[in-house]
Structures are given as structure tokens and as C-alpha cells.
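None of the figures in this text is laboratory data; all of them are computed from the coordinates on show. In this text the structure is predicted, and so the values were computed from the model without any measurement. Glycine gets a Cβ as well: all are built from the backbone with ideal geometry, and neighbour counts include every protein chain shown.
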Amino acid sequence: SAAASTGSTVRSAEYAARAARVIPGGVNSPVRAYGSVGGTPRFLVAGSGPYVTDVDGNEYVDLVASWGPALLGHAHPEVVAAVQEAAARGLGFGASVPEEAELAEEIMRRVPLVERVRLVSTGTEATMTAIRLARGATGRPLIIKFAGHYHGHSDGLLAEAGSGLATLALPGSAGVTAETAAQTLVLPYNDLAALETAFAEHGDRIAGIIAEAAAANMGVLPPEPGFTRGMIELAHRSGALVILDEVLTGFRAGPAGYWGLQAAELPDGIAPDLVTFGKVVGGGLPLAALGGRKDLMEQLAPLGPVYQAGTLSGNPLAVTAGLTTLRLADDAAYARLGHAADVLALTVSESLSHAGVAHRLARAGTLFSVVFGDFATAPRTYEDMKRQEVFRHRAFFHAMLDGGVNLPPSAFEAWFVTAAHDDAALERIAAVLPRAAAAAARA
Ligand code: PMP
């Protein structure tokens with residue numbers, strides 16, 4: 001079938017100009033501004049299954065999926081109905097509602113190392129609280145994070161890469177004090193020797209390590225075999241805790257997140273202490289969670305001395321959206337998701353190879369991304385990922401968008417399929433790919 005072309009973007013451009021007069025950069029989260037791809041950000045007005053529609057009436061096959069939450073596709077009728085029913089009973093009370101415990105139970109059922117759950121509103125809050133808890137429980141100040149891993153925008157976690165071994169990180173953002181940044185050690189990913197050195201030098205001051213279960217915010221880059229295990233063993237040997245960040249991978253890379261794909265290969269007792277969730281767990285509404293060992297989680301207020309609170313925490317609409325999504329995300333849904341990811345990854349790779357575009361496909365369960373460039377060996381670190389040919393992504397992105405496929409507007413993001421990406425949606429993508437691959441080749 002011939003690839004379609006989308007039409008006018010006049011109204012999106014008008015809204016972008018209007019928003020830019022009242023909202024910094026016209027956006028409420030930076031990547032939406034299309035900074036790295038240029039062009040007119042599409043203003044979306046509707047979504048259904050694998051499709052989204054912009055304000056000019058153009059329809060796109062969506063590969064952003066709300067940056068992950070839309071596991072079942074947009075506006076799944078049963079999720080919408082459940083949220084409508086909850087909304088009719090009240091939008092929120094700031095009191096406990098019955099469904100909160102049900103959602104906590106569902107999380108614990110899927111990820112057994114989670115013995116207690118606290119619901120919050122964003123992934124940023126979940127990781128921020130997990131870190132406060134790690135510091136509170138150990139009485140130690142330092143946190144290790146890995147270069148290229150993203151954990152939200154709290155001060156201490158924006159720290160960027162220091163190359164080589166443990167370095168005192170640069171703040172990563174204006175407005176973060178040097179004192180705060182110095183509490184975070186940034187290490188190269190997939191490098192157990194660097195971790196060992198950091199623990200040898202600072203071990204009794206390290207509260208914990210925070211790591212994405214599989215890195216997916218520099219493009220997808222899973223941990224190498226043995227890395228997760230080694231990281232957990234090194235931390236525990238020094239009395240430090242491990243926070244596994246599954247905000248992006250949780251209930252998406254697999255039914256029990258990326259940890260669920262790894263756990264079977266690890267001996268009992270090798271497990272993270274705390275896990276953070278977001279995105280899918282809220283089904284598209286603002287909800288995130290942290291969970292973990294009971295003795296740690298019970299150090300949170302009101303039982304313990306580590307304070308955390310939220311006016312909107314456990315909001316009944318968000319809890320209902322998350323609970324309904326997880327209940328509908330059965331084996332069949334994950335099979336559809338996995339099939340769509342397999343087909344798409346293969347088709348993309350074939351199209352790029354056919355057009356002579358050097359690239360690598362990175363996978364982590366049902367997550368994948370395309371890394372443009374000629375890599376002799378598979379990328380392992382952020383330094384490797386930063387060498388990708390961003391200019392080819394830009395050309396590829398625009399050709400796809402013009403052809404009616406909405407990709408993440410950055411080379412450093414995962415591609416998000418949904419369980420609603422059926423053959424028709426995949427065929428629409430396949431029809432555009434030759435043109436987009438040719439554009440990437442010419443770039
Ligand atoms: N951790 C990870 C792994 C993420 O991918 C993100 C968001 N992309 C966050 C934390 C922060 O979540 P939020 O944007 O909901 O604050």
C-alpha cells in the first residue's frame with residue numbers, strides 16, 4: 001500500500017505560537033518542544049488504540065504512547081468507563097479510598113519483592129522519596145547513579161556524567177547547588193570495576209545505588225549479563241541499598257517489569273531493596289509508586305521518621321485508571337505487545353539496512369529503540385550512545401511524521417508500542433518506512 005501523507009499543520013503552528021506567549025518554550029515538559037528535531041510540534045486532541053489525531057485533523061500511528069503509560073493503547077473503552085464511573089463519584093477527597101489497597105496488592109502480586117507500596121503522583125516523586133528513604137534508613141549521605149540514566153528532575157538526580165571512575169558530579173542543571181550535586185556519584189553504566197572502586201573509596205558513606213532496571217532514557221540499553229547481580233552484591237556487601245527504577249520499564253518490558261525478566265536467573269536473596277514505578281502503573285493519569293522491603297517501607301511516615309506526603313497521592317481517578325489497566329494487561333495483552341515490538345523492530349531494521357543506513361537495534365523485553373550510526377560493537381555506556389547519528393534520526397523522524405507515524409521527537413528515547421498495535425497499524429508504519437529510511441540515508 002502506498003504511504004499516506006499528512007495534511008496541514010496550520011492549527012498546530014497557531015497553538016504553538018499561542019502557547020509560547022504564555023508557557024516557557026510553549027511546553028510543560030521540554031522534549032515536547034521538538035528541540036532536537038525542529039519543526040512544528042503537533043498539538044494532539046484525541047487518541048484511540050494505536051492512533052492519535054492532531055488539532056488539524058491528521059491521524060498518526062502513535063509510537064510515543066504518552067511516553068509509556070498507554071500500554072493498552074489510547075482511550076481503552078474499559079479504562080475510560082472505569083475512570084468515568086469513578087469521576088462521577090468525586091474527583092478526589094484527600095482521604096483514603098478502597099481502591100488504593102487493591103492497586104498496591106496488584107503491584108505486589110506481580111513483583112513479589114515488593115512487600116509494601118506507597119502511591120505518589122509522578123516518577124520524580126517516587127525516586128526522590130526512595131532516595132530519601134535510602135538515606136534515612138542507612139544514615140549515609142551519598143547516592144550512586146549511572147551516566148545516561150534518568151530518574152526524574154529532583155535536584156540530586158539531574159547530575160550528569162563524570163567520565164571514568166567516580167567523580168563528583170556537575171549539577172546537570174542551573175539551580176542545583178554544588179553541595180547537592182556532590183552527594184551524587186555518577187559512574188559509567190555496565191562497569192562493575194568502577195562500582196567496586198567507588199565502594200572501596202566511599203563505601204561507608206554510600207546510602208544506595210539508583211539504576212534504571214534497563215536504561216531507556218538514552219535510547220534503550222539493557223544491563224549486560226551479570227551487571228545487575230554484581231551491582232546488587234557490591235551494594236549489599238557495603239551495607240548500601242539498591243533502588244531499581246522501573247518507572248519506564250515497569251509492567252511494560254514484561255508483566256513484572258524488566259526485573260521480572262531477570263529475576264528467574266538470579267539466586268534467591270539477590271534483589272533490589274526498593275523499586276520505583278510510574279507511567280503504566282497510572283494507566284495514563286498522574287500516578288507513580290515506590291515499593292520494597294517491609295522493614296524499609298515502614299520507615300516512611302506515619303510509621304517511621306522518613307517524611308513523605310501528597311495532596312493528590314492515591315487520587316481515586318488515577319488509582320482506577322492504573323488498576324483497570326493492570327487488570328486488563330493479561331498474558332494475551334503482553335503477547336500482542338511483544339508481537340508488535342518484534343514485527344516493528346524487524347521491519348524498521350530491514351528498511352534501514354535496505355537503504356544502507358548503519359544502525360543498531362537495542363532491545364529490553366518489549367522495549368526497543370533504533371540507534372543510528374556505525375557501531376563496531378554493541379553500545380554499553382552513555383558515551384557510546386552519545387556517538388549516535390542524531391542528524392539521521394531527525395530526517396527519519398520527519399519523514400515518518402509526514403507519513404503519519406508519531407515517533408518520539410528525540411534520538412535518545414525508546415519507541416513505545418501498545419497492545420493495540422494490530423496488523424493494520426503495523427502495516428501503516430511499514431508503508432512509510434522505505435521513504436523514511438531513504439531520508440535517513442540522504443541526511
Ligand atoms: N524514572 C525513569 C526511568 C523515567 O523514565 C522517568 C520519566 N521518563 C522518571 C523516572 C520520571 O518520571 P516523571 O516524568 O513521571 O516524573
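Partners of LYS279 within straight-line reach, counting lysines whose Cα lies under 18 Å from its Cα and excluding those fewer than 8 residues away in the same chain: none found. In nm, give the distance between the simple-model label positions of SER48 and THR377, each being 7 Å from the Cα along the Cα-to-Cβ direction. Spacing of the two 7 Å Cα→Cβ label points: 5.1 nm. Computed over the Cα atoms of the chain, the ratio of the radius of gyration to the Kirkwood radius (Rg/Rh) comes to 0.96. Cross-link partners of LYS145 among lysines, defined as those whose alpha carbon lies under 19 angstrom from its own and excluding same-chain residues fewer than eight positions apart: LYS386.
Extension gain, ARG109-SER29: 0.36 nm per intervening residue step, less the Cα-Cα distance, totals 25.5 nm.
In a DSSP loop and with at most 13 other Cβ atoms within 10 Å, the trypsin sites (Lys or Arg not before Pro) in the stretch 78-124 are ARG89. Between ALA20 and SER36, the modelled labels are 2.1 nm apart [label points 7 Å from Cα along Cα→Cβ]. By the gyration tensor of its Cα atoms, with a ≥ b ≥ c the square roots of the eigenvalues, what is the shape of the stretch 77-328: rounded for a/c under 1.5, prolate for a/b over b/c, or oblate? Judged from the Cα gyration tensor, the stretch 77-328 comes out prolate (a/c at least 1.5, a/b above b/c). Each peptide in 267-273, 241-247 gets a packing score, the mean of other Cβ atoms within 10 Å over its residues, and the list from highest to lowest is 241-247, 267-273. Could you give the nm distance between label points at ARG442 and GLU179, where each point is 7 Å from its Cα heading toward the beta carbon? The two pseudo-label positions are separated by 5.6 nm.
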